[in-house]
Amino acid sequence: MGFTAKDVKDLRERTGCGMMDCKKALSATDGDMEKAIDFLREKGLSAAAKKSGRTAAEGLAVAYTNDSKSVGVAIEVNAETDFVSKNESFKTFVKQCVDTVISENPKNLEELLECKVDGSNQTINDLLKEKILTIGENIKIRRFTRYEGVVCTYIHAEGKIGVLVKFSVSDKSKLDERFYSFGKDIAMQIAAANPAYLNKDAVPENVSEHEKKILKEQIVNDGKPANIAEKIVAGRMDKFYKEICLMNQIFVKDSDLDIKKYIEKVSKELGIDIKIESFVRYERGDGLEKKEDDFAKEVADMIK
């Protein structure tokens, strides 16, 4: 069975592959469209392996809840270029990953890859390989966190930062739009101020002691006596905690309040006790080495 130019066009639209690859696939499968798609997918698996060495430090870091706001997920999925983060197919894949984590509750990335996508026989891994084939870039699911309970989320800059916060409250029946507006404020604070810990008690002792040692050495080197240095260190440690601990940070939307006082204020207004149990902040590409393009070389190569 032969094939026509329209068959090639249809196959390109269905797979996103190049014209020559589509022609080869149709030739190899005697024009059978479904077998040609399988042929390209099989070829795509090896192509995906070749792409796996490329640096994927762009993509999306997002956070979503289910409709009842009882389960929340933060996730980072990386690609090679920021162009892909605007691709609707890529965005859909990221949301499918989130929905699967919400519904299936995988323990880790390996379990997530084996989960079936809702309403499909495909696994997340099948879908990932398909996206690598059609989009043409290395794509990696880097990390995710799932919380159950009272959760709020915030996404900054359409996927540069995703924040997920879990609260404990004394009376869930009193949760209304005011609470969820407050919850978003807290998530936005975390996005903007990037706290490392919830409060002073959560800071590991070795981290505090290391900071104290550095501060004391700085003060002694400035010529202050050791007994005076101890008092100055105590004051500077308060500033240190205000920078790295969420509860000690100044509220970005009202500089008269720190986060602890803001929570107390909202708790009183709503008539419930509110506590932050935990939070996670994912920033796209954080800690990953980004590929540096040689723009001058690229232009020179194009001219050649």
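The values are calculated or read from the model by the stated rules, or taken from the named source; none is laboratory data. For clarity, every value in this text was computed on a predicted model and none was experimentally measured. Using ideal geometry, Cβ is built from the backbone for each residue, glycine included, and neighbour counts are taken over all protein chains shown. All accessible areas refer to the heavy atoms of the entire protein, side chains included, with ligands and DNA or RNA removed. Shrake-Rupley method; radii C 1.70, N 1.55, O 1.52, S 1.80 Å.
When the residues of region 99-115 are filtered to those that are among the hydrophobic types (A, V, I, L, M, F, W, C) and either touching a Gly at 6+ places or on another chain (Cβ under 7 Å) or more than 11 Å from Phe144 (Cβ to Cβ) (or both), which remaining residue is least open to solvent (accessible area, probe 1.4 Å)? Reasoning before the result, please.
The initial filter retains those residues of region 99-115 that are among the hydrophobic types (A, V, I, L, M, F, W, C), namely 101-102, 109, 112-113, 115.
Pick out the ones that are also either touching a Gly at 6+ places or on another chain (Cβ under 7 Å) or more than 11 Å from Phe144 (Cβ to Cβ) (or both) and you get 113, 115.
On the way: Leu113: 47, Cys115: 20 Å².
The qualifying residue least open to solvent (accessible area, probe 1.4 Å) is Cys115.
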- Message: Need the failing condition index for Glu148 against (1) surrounded by fewer than 15 Cβ atoms within 10 Å (Cβ to Cβ); (2) within 21 Å of Met188 (Cβ to Cβ), just the number.
- Response: (2)
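With the condition kept exactly as written, say whether any residue in region 116-133 is open to solvent by 60 Å² or more (accessible area, probe 1.4 Å), modelled with pLDDT of 95 or more and either closer than 30 Å to Ser255 by Cα or more than 18 Å from the chain's Cα centre (by Cα) (or both). Explain how you work it out, then say what you get.
To start, the set of residues in region 116-133 that are open to solvent by 60 Å² or more (accessible area, probe 1.4 Å) comprises 116, 118-119, 121, 129.
Retained after the next criterion (residues that are modelled with pLDDT of 95 or more): 116.
Now restrict to residues that are either closer than 30 Å to Ser255 by Cα or more than 18 Å from the chain's Cα centre (by Cα) (or both): 116.
Yes, region 116-133 contains at least one residue that is open to solvent by 60 Å² or more (accessible area, probe 1.4 Å), modelled with pLDDT of 95 or more and either closer than 30 Å to Ser255 by Cα or more than 18 Å from the chain's Cα centre (by Cα) (or both).
Please indicate, with yes or no, whether at least one residue in region 80-95 is under 13 Å from the mean Cα position of the chain (by Cα), surrounded by fewer than 20 Cβ atoms within 10 Å (Cβ to Cβ) and at pLDDT 95 or above.
yes
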- Any residue at all in region 245-257 that is hydroxyl-bearing (Ser, Thr, Tyr) and open to solvent by less than 40 Å² (accessible area, probe 1.4 Å)? no
- Task: Return a yes/no flag: does region 38-49 have any residue that is crowded, with 18+ Cβ neighbours inside 10 Å, of a type in the set (A, V, I, L, M) and at pLDDT 75 or above.
- Result: yes
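Look at region 177-214 and say how many of its residues are in contact (Cβ under 8 Å) with a residue 24 or more places away in the chain, in a loop (DSSP other than H, G, I, E, B) and either open to solvent by 30 Å² or more (accessible area, probe 1.4 Å) or within 17 Å of Tyr262 (Cβ to Cβ) (or both).
The qualifying residues number 5.
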- Query: Does region 94-110 include one or more residues that are free of Cβ contacts under 8 Å to residues at least 40 places away in the same chain, touching a helix residue (DSSP H, G or I) at 6+ places or on another chain (Cβ under 9 Å) and farther than 30 Å from Phe39 by Cβ?
  - Reply: yes
- Those residues of region 261-284 which are among the basic types (Lys, Arg) and either without any contact (Cβ under 8 Å) to a residue 60 or more places away in the chain or in a strand (DSSP E or B) (or both), in sequence order: Lys261, Lys265, Lys268, Lys275, Arg281
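Could you list, in sequence order, all residues of region 215-227 that are surrounded by 11 or more Cβ atoms within 10 Å (Cβ to Cβ) and either closer than 28 Å to Asp201 by Cβ or not aliphatic (A, V, I, L, M) (or both)? Full working, then the answer.
Going through region 215-227, the residues surrounded by 11 or more Cβ atoms within 10 Å (Cβ to Cβ) turn out to be 215-220, 224.
Leu215, Lys216, Glu217, Gln218, Ile219, Lys224 - these are the residues of region 215-227 that are surrounded by 11 or more Cβ atoms within 10 Å (Cβ to Cβ) and either closer than 28 Å to Asp201 by Cβ or not aliphatic (A, V, I, L, M) (or both).
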- region 155-172, residues that are open to solvent by 40 Å² or more (accessible area, probe 1.4 Å) and over 11 Å from Thr65 (Cβ atoms): Ile155, His156, Ala157, Glu158, Lys160, Ser170, Asp171, Lys172
- Query: Can you find even one residue in region 158-172 that is part of a strand (DSSP E or B), among the aromatic types (Phe, Trp, Tyr), closer than 19 Å to Ala57 by Cα and in contact (Cβ under 8 Å) with a residue 12 or more places away in the chain?
  - Reply: no
- Query: Hey, among Gly16, Gly53, which residue is of a type outside the set (A, V, I, L, M, F, W, C), modelled with pLDDT under 90 and at positive phi?
  - Reply: Gly16
- Yes or no: Glu76 open to solvent by 70 Å² or more (accessible area, probe 1.4 Å), modelled with pLDDT of 95 or more and closer than 30 Å to Val151 by Cβ? no
